[in-house]
Ligand SMILES: [Fe+2]
Ligand SMILES: [Fe+2]
Ligand SMILES: [Zn+2]
């Protein structure tokens, strides 16, 4: 007897339903609210979790198989890269500053996303949503690990990588990225999805990964290119999940619209501030540049973001509140931030440098309205000081924004000569901000942001302003990991090793 | 840019990342170590969770277990993402071959109808139990402390989902969608399944990650897997001509053998840490084991009838012996 003949043919969707969605059940021994205690306090109303459309229908058998294939390739390439001194293929060791920032600030974010999605994968009361979040949870762990593994070989030869775990929790600039992820994780499951699924995966991923990975390819860094490409199909799933989640919330109840809009406003600005680091990487830290930050923004921000918001308009969503201020900042932010990094380079576990003439000409060409007018003169001044043997250093206390944690180096949206500075008083305490966007975020949730851990005041209150003690505490080796690239050990080593490998002797 | 490089010997400047040198000494680190130790943020966390301001974002104190260093809970399999997925992909190849074998030879149809019916009766409601296990391990990963302990829980959760999906495929192969529907009905309504369903739902409100680890991975799975996939499927069904079922559940048997080594290693380290931990573990294991045993009896009865009591009692003895080896008297 042929049993197969009598079987129903299941379509992809029904089969996925049988293998996944149907696994859940209505509990009766425990209250649903006790099982999912965080599902309602944010005010998002969901009437029917069954309306959730699975953004991708991936079962575990296919997941294991497909991911294992990618893992095999990834490790084969980075093993070969390590064995053949692949690091000597990079354009020059200045390039590594971008990687050092990545490992200290972004890879820990992958890990935080992993934890956050594991929580979301448990807290949402719908099986489809849970499974999608769980897959992202395990993917993000993958990203953290492949990044650490890819950069591990650089750590063996170059400075600034060795203390990434200490830097993550203690050094000042990593606090920008970590506060972003801490903020998302301390929010409820729905806001977390907007923060990471939308802001990080949709707004940031393209602006961060695409230029970053092309930068790596242009600059001969095969290890980074490999983890980037290997993560691409994961990221495609993550973006679909983020979008599905927004649409689901908006379709479930009209009351959800203002809540979601407020989160989009908040997380767009939060994400945009994290991009300050990326803009600087793109415009200043790649010896061989791919495109300017402005060009990347036009493609991935304006074009892609514009399409996204056009798509969401039918739900009543408008572009994020800070959109215009962001646009006004694009031609300034990388210069302002690099000037900041250079003057505080004693306190960074990566090198910065004064752009060369050639660099500056490129910057003028890419930023015709701003670079020569506002920033070239400042670099020229800094260069003069260095030539005179009195390099420009600022050991002063950088005023950090209570929200985004960046030092206040940005200017007024409509006046590039005036540093933007906002202040609010809450319960008798004064709080400082870099922008209206950040101040608004604070004012909406002051009880959250008064808890911000500000690394600079911490230096003064805990270590009495002792810079040496602070360096020990953040595991920064003075004169080695920090300061100007010109004259650094990284520079010496790279030139010497590359000379060895390319000379005929 | 690709330039021709001669092979040159360059002296590395250091062996490993600082945090690994502090833990393991100044020598090259393994990929497991790099991907598992100290990669969770630990200090200067910014905000208290709005969902529970009494706890920190990563909080060691939401469990009653106290560890000086949670990174002591090393996974003896040293699974990180890559080794985990490669291992499971290999097993998936075997499972796929087993399904193809059973299907192509029509082995399912060759089984005595009664036996096939019993197999579905026992196995289909377990899809939902496996989903419960997925929920619980996802929770432990999400709220537990330190990557060495939490990452295997994420892998475990995905395995639990994989098992639920293999069971679903088995149901579709031996029965049809009706088999799955009938299994869900039994899970929700039949008296035989209610103690187990209550056990699983009760686990879902446990918010101490380590107690949940004990309830799910130690106490429940410690009886369910050897009883269902060993005693019932491998022993009983095979004797009666149902080795096709054993082929389709080989993954579960192999998986339990592999993962219990990790579970035991975790228990051993936690118990050895302090008398308080050991006492707490003993109490949790005793309580949950007692409930798990009671929940398993009516389930095993479906296959073994009057022999169920004895089978469960035997397994409880074996379980206690296993736990004693981790340093916890039961
Ligand atoms: Fe990622
Ligand atoms: Fe992602
Ligand atoms: Zn700010």
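Find the relative contact order for region A:338-467 and round it to a whole percent, using C-alpha pairs within less than 8 Å whose residues are 6+ positions apart.
Details: 131 pairs, mean separation 22.7, N = 130.
So the answer I get is 17 percent.
Under the Kirkwood approximation applied to all pairs of distinct alpha-carbon atoms, what is the hydrodynamic radius of region A:176-310 in Å? Show your work: numbers first, answer last.
Numbers: mean 1/r = 0.0638 Å⁻¹.
It works out to 15.7 Å.
Binning every alpha carbon pair distance of region A:102-259 at 10 Å from zero, what are the percents per bin?
11, 38, 34, 14, 3, 0
Express the relative contact order of chain A as a whole percentage, based on alpha carbon pairs under 8 Å and six or more residues apart in sequence. Display every interim value, and only then the final one.
On the way: 630 pairs, mean separation 86.7, N = 505.
Taking the mean separation of contacting Cα pairs over the length of chain A, I get 17 percent.
At 222 nm, what helix-only mean residue ellipticity would chain B give, in deg cm²/dmol to the nearest 500, using -39500 (n - 2.57) for each DSSP H run of four or more?
Details: 15 runs with 206 residues, N = 330.
When only DSSP H runs of four or more count, the value is -20000 deg cm²/dmol.
If you bin every alpha carbon distance in region B:125-188 into 5 Å steps from zero, what whole percent lands in each bin?
Histogramming region B:125-188 at 5 Å steps yields 4, 21, 22, 18, 12, 10, 7, 5, 1 percent.
What average number of partner chain Cβ atoms lie no more than 10 Å from the Cβ of the residues making up A:115-127? Walk me through the numbers before you get to the answer.
Details: counts 11, 2, 4, 13, 7, 2, 8, 12, 4, 0, 0, 0, 3.
If you average over the peptide's residues, the count of other-chain Cβ atoms is 5.
Using only the alpha-carbon atoms, how far is helix B:308-324 inclined from the longest principal axis of chain B? Give it as 0 to 90 degrees, nearest 10.
Computed tilt is about 20 degrees.
If you wrap a convex hull around the alpha carbons of region B:1-146, what volume per residue comes out, as a whole number of Å³?
On the way: hull volume 39.8 nm³, N = 146.
Each residue corresponds to 273 Å³ of Cα convex hull volume.
Partner chain Cβ atoms within 10 Å, averaged over the residues of B:7-13 - can you pull that number for me? Can you show the working numbers first?
Values: counts 4, 9, 2, 10, 4, 4, 10.
Whole-number average of other-chain Cβ neighbours for B:7-13 is 6.
Report the rotationally averaged projected area of region B:76-200 based on its alpha-carbon convex hull, in square nanometres. Let's see the in-between values first.
Details: hull surface 35.9 nm².
The orientation-averaged projected area of the Cα hull of region B:76-200 comes to 9.0 nm².
Could you pull the Cα extents of region A:371-413 along its three principal axes, largest to smallest, in whole Å?
So the three principal-axis extents are 38, 26, 10 Å.
Does region A:380-467 come out rounded, prolate or oblate, given a ≥ b ≥ c as the square roots of the eigenvalues of its C-alpha gyration tensor, rounded meaning a/c under 1.5 and, failing that, prolate meaning a/b above b/c? Can you show the working numbers first?
Numbers: a/c = 3.56, a/b = 1.48, b/c = 2.42.
Here region A:380-467 falls in the oblate category.
Seen from all sides and averaged, what is the projected area of the convex hull of the Cα atoms in region A:1-95, in nm²? Intermediate values should be presented prior to the final figure.
Working: hull surface 59.4 nm².
Over every viewing direction, the Cα hull of region A:1-95 projects on average to 14.8 nm².
Take the alpha carbon gyration tensor of region A:267-327, find the square roots of its eigenvalues, order them as a ≥ b ≥ c, and report rounded if a/c is under 1.5; if not, report prolate when a/b exceeds b/c, else oblate. Intermediate results must be reported in sequence, preceding the final value.
Values: a/c = 3.50, a/b = 2.03, b/c = 1.73.
Prolate, because a/c is 1.5 or more and a/b exceeds b/c.
Stokes-Einstein at 37 °C, 0.692 mPa s, Kirkwood radius from Cα pairs: D for the protein assembly as shown in µm² s⁻¹?
Details: Rh = 28.5 Å.
Here the translational diffusion coefficient equals 115 µm²/s.
Find the all-direction average of the projected area of the Cα convex hull for region A:58-502, expressing the result in square nanometres with one decimal place. Numbers along the way, then the final one.
On the way: hull surface 86.5 nm².
It is 21.6 nm².
Kirkwood Rh, Cα Rg: Rg to Rh for region A:253-297? List each step's numbers first, then the result.
Numbers: Rg = 15.8 Å, Rh = 12.5 Å.
Reported Rg/Rh, Kirkwood definition of Rh: 1.26.
How big is region B:1-83 along each principal axis, measuring the range of its Cα positions in Å and listing the largest first?
Principal extents (largest minus smallest coordinate, Cα): 59, 32, 25 Å.
Cα axis of helix B:177-189 to longest principal axis of chain B: angle in degrees, 0 to 90, nearest 10?
Helix B:177-189 sits roughly 80 degrees off the main axis of chain B.
Taking region B:201-330 as the region of interest, what is the percent of Cα-Cα pairs per 10 angstrom bin, listed from the shortest bin to the one with the maximum distance?
12, 41, 33, 12, 2
Can you show me the helix-derived [θ] at 222 nm for chain A, built from DSSP H runs with n ≥ 4 at -39,500 (n - 2.57) apiece and divided by the number of residues, rounded to the nearest 500. Before the final figure, lay out the partial values.
Working: 23 runs with 280 residues, N = 505.
That calculation yields -17500 deg cm²/dmol at 222 nm.
At a 10 angstrom cut-off on C-beta neighbours, averaged per residue, how do the peptides B:136-148, B:269-281, B:199-211 rank from highest to lowest? Walk me through the intermediate numbers first.
Working: B:136-148: 26.2, B:269-281: 17.2, B:199-211: 20.3.
The peptides rank, most packed first, as B:136-148, B:199-211, B:269-281.
Could you line up A:321, B:68 from fewest to most neighbouring Cβ atoms inside 10 Å?
By the 10 Å Cβ count, ascending, the order reads B:68, A:321.
Suppose we take every Cα in region A:113-177 and form the convex hull; what volume per residue is that in Å³?
On the way: hull volume 5.3 nm³, N = 65.
Convex hull volume per residue, Cα atoms: 82 Å³.
Taking the Cα atoms of region A:154-206, what is the range of coordinates along each of the three principal axes, in descending order and whole Å?
On the principal axes, region A:154-206 reaches 42, 24, 15 Å in Cα extent.
Restricting to Cα pairs below 8 Å that are 6+ residues apart, what does the relative contact order work out to for region B:92-324? Please round to a whole percent.
Numbers: 242 pairs, mean separation 59.0, N = 233.
Relative contact order here is 25 percent.
How crowded by other chains is A:132-139, given as the mean number of beta carbons from other chains within 10 Å of each beta carbon? The partial results should precede the final answer.
Numbers: counts 0, 2, 10, 2, 0, 6, 10, 1.
Mean number of neighbouring Cβ atoms from other chains: 4.
Using only Cα atoms, tell me the angle between helix A:357-366 and the longest principal axis of chain A; keep it within 0 to 90° and round to the nearest 10.
40
If the viscosity is 0.692 mPa s and the temperature 37 °C, what Stokes-Einstein diffusion coefficient in µm²/s follows for region B:92-324 when Rh is the Kirkwood radius over Cα pairs?
On the way: Rh = 18.0 Å.
So the translational diffusion coefficient is about 182 µm²/s.
Over region A:63-103, what number does the Rg to Rh ratio reach, with both radii from the alpha-carbon atoms and Rh per Kirkwood?
Details: Rg = 13.7 Å, Rh = 12.1 Å.
Here Rg/Rh amounts to 1.13.
Since every read-out is calculated from the coordinates, none of them should be taken as a lab result. Model, not experiment: these values are computed from the prediction. All Cβ positions, glycine included, derive from the backbone under ideal geometry; neighbour counts span all protein chains shown.
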